[in-house]
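Since the structure comes first, as structure tokens, the remarks are kept for the end.
The values are calculated or read from the model by the stated rules, or taken from the named source; none is laboratory data. Values in this document were obtained by computation on a predicted structure and should not be read as measured data. Neighbour counts run over all protein chains shown; Cβ positions are idealised from the backbone, glycine included. We work out accessible area using only protein heavy atoms, side chains counted, and drop any ligands, DNA or RNA first. Shrake-Rupley method; radii C 1.70, N 1.55, O 1.52, S 1.80 Å.
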2 protein chains.
Amino acid sequence: MTTLTILNPPGSPVPDRLTELGRRDDVDVRIVTADRLGEALPGTEVLLLWDYFSTALTEVFDAADELRWIHVAAAGVDALLFDELIASEVVVTNARGVFDRPIAEFVLSFVLMHAKSALGSLADQREHRWNRRSTRDLAGTRALIVGTGSIGREIARVLRALGVDVSGAGSRARTGDADFGDVIDSADLAAHLTGVDWVIDVAPLTDRTAGLFDAEVFAAMEPHAFFVNVGRGATVDTDALVTALETGAIAGAGIDVVDVEPLPADHRLWEAPSVIITPHMSGDTEGWRERLLDQFLDLFETYRAGRPFAHTVDKEAGYVR
Amino acid sequence: MTTLTILNPPGSPVPDRLTELGRRDDVDVRIVTADRLGEALPGTEVLLLWDYFSTALTEVFDAADELRWIHVAAAGVDALLFDELIASEVVVTNARGVFDRPIAEFVLSFVLMHAKSALGSLADQREHRWNRRSTRDLAGTRALIVGTGSIGREIARVLRALGVDVSGAGSRARTGDADFGDVIDSADLAAHLTGVDWVIDVAPLTDRTAGLFDAEVFAAMEPHAFFVNVGRGATVDTDALVTALETGAIAGAGIDVVDVEPLPADHRLWEAPSVIITPHMSGDTEGWRERLLDQFLDLFETYRAGRPFAHTVDKEAGYVR
């Protein structure tokens, strides 16, 4: 018998396919919201964080007396990791792979909107103004993708397919990477931005990446360059980003994540020039919850069969290596 | 000695590289605007329509006593062709190839803006509203490209590289096309729109395609489908398009060309729902005029050397076959 606790977001229906797990003879399912997590943990062997932004586990982890595996139904696990969990034997898995292609397409939409001057065209359209002008080619430009995990790799493949020269930045410098070719150490980012047209942030949030995109980095970007963030908002100094946009240090930005979400209605980023803001949805294409369910149910069968997971989170690093 | 007449747009400087042709011993260059074309034609052997939208030649073609070759610095030649020219021995070339990749990227920007709900996000952004929602995958969708010339082929290749299932519509049905696989006869368009997510019009304007996209075609499109026009505005019944957008018969449109350009400020297309309007600029990326010049100068050397052109316009058909 495996006791599975499902942490569900408040006010959200539990998917039938999760509820139905409880009908099995070999699974005991407990479904709770964050306020009841502590009561459900004793005896729990598997914890599914369907409420993937929740930080509730930190407070009640002492009650996790039999916990062996946590699955987070999200790509980023920064909201989950805390010292006691990292030090424990508990295995953590995430939604690796599910969001790769959707996010890569979303990044491409940001990039092409900038290359083809979409904000300018839409502003002209609102004024009923026929204002012919030149735009930019995507083919032949250069992108630096910060974050060399599975999402970053898919972004690299998509951009390369369109003739973009791609390189990467990660936790250690290397050459000969299959998707990126050259990878620089992201600590040296500011020294590698000359000639880069697209700086794409898909880095996990870790001690190394928190605040990585600061005033120095934006100052080192080309004035015609465009910044994309589909990773974690806290990797960016948002004030420095706004200043970079307002002063023309960079040409624009596509921002799907911010350090405080939802972005407060009175935040000045909303009105910064040449910024496109979307509400943390780059990976959420129709059917995404079903795909997350499929993935968890597959992993659950792997676990029940005593087989190893193909990918687990390196808890010290803060992401899947 | 070759007499080359260059038809230049009024008020526009003549590129130095064209003026410099006149320094050659073997070339006599005449540079005129449309009002003086008739005076320049007698003795002219080569005519460059640098003013590529001009229809001035129709009126003065009788004066073309030695004309052998016309080059139009544009992809579409519909503004040029008239019965006497078609019946004549004069060879016509166009800017085949120059705009292929830029236009394919532009089409992709339209398609991704729709798939990723960019208009919705930008409207939310103007209201400072954080409105999370699902968008659509591009991979796995279906596109029908109407127009199987070099631009349509590049659009097909770009979309295929991103996992889109592509087929074509042209002047005759066929199978096994290298870029399109199946090609339907564009006269049967309305019967082939079920399941098609993206209908992309890059057809040349000919007797067969004028008004091709009419109320019947829009009614046959899927309610979730998106229409793109980067070809010629007169292939579309614009009133029918506006009605299709207003009634939800189609989900949106990306419109770079219209039947009357510039689109009049009081035209109702400007305010139609879910439409993105751009001012006939899909192919115009930085350096496009230089690329057009390069192409003409290459063709001019070919002509002077007495070698055949790789591609000429089929004047009866109205495009390069």
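Element breakdown for chain B at a 1.4 angstrom probe: carbon and sulfur atoms account for 48% of the accessible area.
Across the range A:242-284, the mean sequence separation of Cα contacts (distance under 8 Å, 6 or more residues apart), normalised by length, yields a relative contact order of 49 percent. For chain B, with a Gaussian network of springs between Cα atoms less than 10 Å apart, report the residue from B:Asp201, B:Asp259, B:Asp25 with the top mean-square fluctuation. Among B:Asp201, B:Asp259, B:Asp25, the largest GNM mean-square fluctuation belongs to B:Asp25. Taking a point 7 Å out from the Cα of B:Asp25 in the direction of its Cβ, the residues of the range B:294-321 whose backbone N falls within less than 17 Å of it are B:305. Computed with every protein chain present, the accessible area of B:Val91 is close to 50 Å² [probe 1.4 Å]. For chain B, the alpha-carbon coordinates run over 67, 46, 33 Å along the three principal axes, in decreasing order. Which of rounded, prolate, oblate describes the range A:172-230, given a ≥ b ≥ c as roots of the alpha-carbon gyration tensor eigenvalues and a/c under 1.5 marking rounded, otherwise prolate only if a/b is larger than b/c? Oblate shape, in that a/c is at least 1.5 and b/c is the bigger or equal ratio.
Rounded to the nearest 20 Debye, what is the dipole magnitude of the range A:109-209 about its Cα centre when Lys and Arg each give +1 and Asp and Glu each give -1 at the C-beta?
It works out to roughly 420 debye.
A 1.4 Å probe run over the protein assembly as shown, with the rest of the protein chains in place, finds 40 Å² accessible per residue. You can think of it this way: the chain between B:Glu286 and B:Ala123 has 55.8 nm of extra reach, that is 0.36 nm per residue less the Cα-Cα gap. Rounded to the nearest 20, the size of the Cβ-charge dipole of the protein assembly as shown about its Cα centre is 740 debye, with Lys and Arg at +1 and Asp and Glu at -1.
Distance from the Cα centroid of the range A:176-197 to that of the range A:24-95 is 36 Å (rounded to whole angstrom).
Sorted from shortest to longest, the distances between the B:Gly140 label points of this copy and the other copies are 3.6 nm, with each point 7 Å from Cα along the line through the beta carbon. Is the range A:1-133 best put as rounded, prolate or oblate by its Cα gyration tensor, with a ≥ b ≥ c the root eigenvalues, rounded for a/c under 1.5, and otherwise prolate when a/b is larger than b/c, oblate when not? Prolate is the answer for the range A:1-133, as a/c is 1.5 or above and a/b outweighs b/c.
Shielding of peptide A:111-121 by partners, expressed as the average count of other chain Cβ atoms within 10 Å per residue Cβ, is 5.
Within chain A, which is the longest segment containing none of the GluC sites (Glu not before Pro) that sit in a DSSP loop and have at most 13 other Cβ atoms within 10 Å? That gives A:128-285 as the longest site-free run. Helical content of chain A, expressed as a calculated mean residue ellipticity at 222 nm, amounts to -7500 deg cm²/dmol (DSSP H runs of 4 or more residues, -39,500 (n - 2.57) each, divided by residue number, nearest 500). Compute for the range B:129-218: radius of gyration divided by Kirkwood radius, i.e. Rg/Rh, restricted to C-alpha atoms, rounded to two decimals. Taking Rh as the inverse mean 1/r over Cα pairs, Rg/Rh reads 1.04. Inter-chain neighbour count for A:282-291: the average number of beta-carbon atoms from partner chains within 10 Å of each residue's beta-carbon is 3. Which residue fluctuates most in the GNM of chain B (Cα springs below 10 Å): B:Ala173, B:Ala123, B:Ala187? Most flexible of the set in this elastic network: B:Ala123.
Straight-distance candidates among the aspartates and glutamates for linking to A:Lys315, with alpha-carbon spacing under 15 Å and chain neighbours fewer than 8 residues away dropped: A:Asp78, A:Asp83, A:Glu84, A:Glu89, A:Asp207.
Counting Lys and Arg as +1 and Asp and Glu as -1 over every other residue whose Cβ lies under 14 Å from the Cβ of A:Glu66, the net charge comes to -3.
For the rotational copy relationship between B and A, the axis lies nearest to a chain B beta carbon, identified with its distance in whole angstrom as B:Ala161, 2.
Of the trypsin sites (Lys or Arg not before Pro) found in the range B:166-226, those in coil by DSSP whose Cβ has at most 10 other Cβ atoms within 10 Å are B:Arg172. Here the label points at B:Asp266 and A:Thr243, each 7 Å from Cα along the C-beta direction, are separated by 5.0 nm in the simple model. Considering only B:Thr209, B:Gly163, B:Phe180, and ranking their Cα positions along the charge dipole of the range B:123-226 that arises from unit charges at the beta-carbon of Lys, Arg, Asp and Glu, the one farthest toward the positive end is B:Gly163. Straight-line reach from A:Lys116: which lysines fall under 25 Å, measuring Cα to Cα and dropping same-chain residues less than 8 apart? Partners found: B:Lys116. Just give the residues from the range A:262-276 buried by at least 30 square angstrom of accessible area in the all-chains context relative to the isolated chain, probe 1.4 Å, and say none if nothing qualifies. Residues shielded by partner chains are A:Pro262, A:Ala265, A:Trp270, A:Glu271. Ranked from shortest, the separations from the 7 Å Cα-to-Cβ label point of A:Ala178 to its equivalents in the other copies are 3.0 nm.
In nanometres and ascending order, the distances from the B:Gly120 label point to those of the other copies are 2.9 (point 7 Å from Cα along Cα→Cβ). Normalised Debye scattering of the protein assembly as shown at q = 0.08, 0.11, 0.12 Å⁻¹ gives log10 I(q)/I(0) of -0.68, -1.11, -1.25, counting only Cα atoms as equal scatterers and leaving out solvent. Between B:Ala34, B:Ala310, B:Ala161, the Gaussian network model of chain B with springs among Cα atoms under 10 angstrom shows the greatest mean-square fluctuation at B:Ala310.
The mean sequence distance of close C-alpha pairs (under 8 Å, at least 6 residues apart), as a share of the length of chain A, puts its relative contact order at 14 percent. A 1.4 Å probe, protein heavy atoms only, puts the accessible area of A:His192 near 80 Å².
Can you give the FRET efficiency for A:Ala87 and B:Asp165, using 1/(1 + (r/R0)^6), R0 = 56 Å, r = Cβ-Cβ distance, to the nearest 0.05?
Between A:Ala87 and B:Asp165 the formula returns 0.65.
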